[in-house]
Amino acid sequence: MKIITFDSLPSTNQYCELLDLEKYEEFTIINAVEQTAGIGQRGNHWEAQAGKNITFSIILKPAFLPIADQFQLTKSISLGITDWLKTIVPKEHNVKIKWPNDIYVDNNKICGTLISAIISGNHVSTAICGIGININQTQFSDWIPNPISLIHLLGAETPTETALIKANEAIAKRYSQLRGNLRAPDNDYLETLLHLEEERPYLYQGRQIQATIKGVNQFGHLKLICSSGEMISCQMKEIKWVW
C-alpha cells in the first residue's frame, strides 16, 4: 500500500483518470486532504469539509476479474469499509450497504463510493475506486438528506490519518479474498444489504411502489418483489429510495 497525499484536489478519481496508470503499482492510494469537486453516484456532488473527512481513490489492477463479474469488486470494496466501521461504531448501531455501494449507519449515509473500470479484452484491467467517508464533519448542507459522521457516533474526533490507513487495510483484506475466490463476497454482501427482506416504498421508473429487496443478480441489478407480486430487476438509475 502506497499513499500519495495532496493538500487539495478537485476530485481524486478525476486525477487518477489523467495518470498513466501502468506506472503506478497496484493499491496506490491518491488521498486529498481537501476535495473541492468530489463526484458521487448519478453525478452528484460529494461534500467534504477540508481536513475533516477522508477522500481518496485506490488504483487496482484486477486482471483476474472477468467483465461479467465486475460487480464483485463493488461488493468487496463496500464490505471492506463496513468491516472497518463495525470495529469502531458502537454495537447498538447497524452498519449496512445501501445498494449498490453506499455505506449507511442505521438510516444515515456515512460513506459514498464511485468505481470506474477500464476493460481489456474480457477482463477488468484497471479500476479506480473513489471513496469518501465522513469522519469529523459535524455540519452539512441542507440539500444532503441524511448525512452522519463518525464524530456523531463516537462523541470524539478520529485522526483522519489513522482512519485512512485502517479503512484501506480492511479493503485490502477483502480485495485479497476476492482475488482468491470470486464468489467470496456474495453471502456477506447480501447479509449486509440495507432493507433486505423489508417491504418499503421506492420510486421505480417514476412511479411509487411498495416492494421488498430479495437480492442482487450477477450484474449488480437489484432484485425486488412488489406488493402486487410483480418481480422486478433494476439498475441504479431506475429506482430511488423514498425516505
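Readers should treat all values here as calculations from the given coordinates under stated rules, not as data from a laboratory. Computed from a predicted structure; not experimentally measured. All Cβ positions, even for glycine, are placed from backbone atoms using ideal geometry, and neighbour counts span all protein chains on display.
Listed by first and then second residue, the pairs linking a residue in the range 185-211 that is charged (D, E, K, R) to a residue that is surrounded by fewer than 18 Cβ atoms within 10 Å (Cβ to Cβ), with Cβ atoms under 7 Å apart and 6 or more places separating them unless they lie on different chains, are Glu197/Thr212; Glu198/Thr212; Glu199/Gln210; Glu199/Thr212; Glu199/Ser227. You will find that of Ile133, Ile148, the residue that is aliphatic (A, V, I, L, M), in contact (Cβ under 8 Å) with a residue 40 or more places away in the chain and crowded, with 22+ Cβ neighbours inside 10 Å is Ile133 and no other. Tell me the residue from Thr158, Thr162, Thr138, Thr126 that is of a type in the set (Val, Ile, Thr) and under 16 Å from Ile30 (Cβ atoms), please. Just a single option satisfies the conditions, and that option is Thr126.
Gly155 satisfies every condition listed in (1) under 21 Å from Lys61 (Cβ atoms); (2) out of contact with any helix residue (DSSP H, G or I) (no Cβ under 9 Å at 6 or more places or on another chain) except (1).
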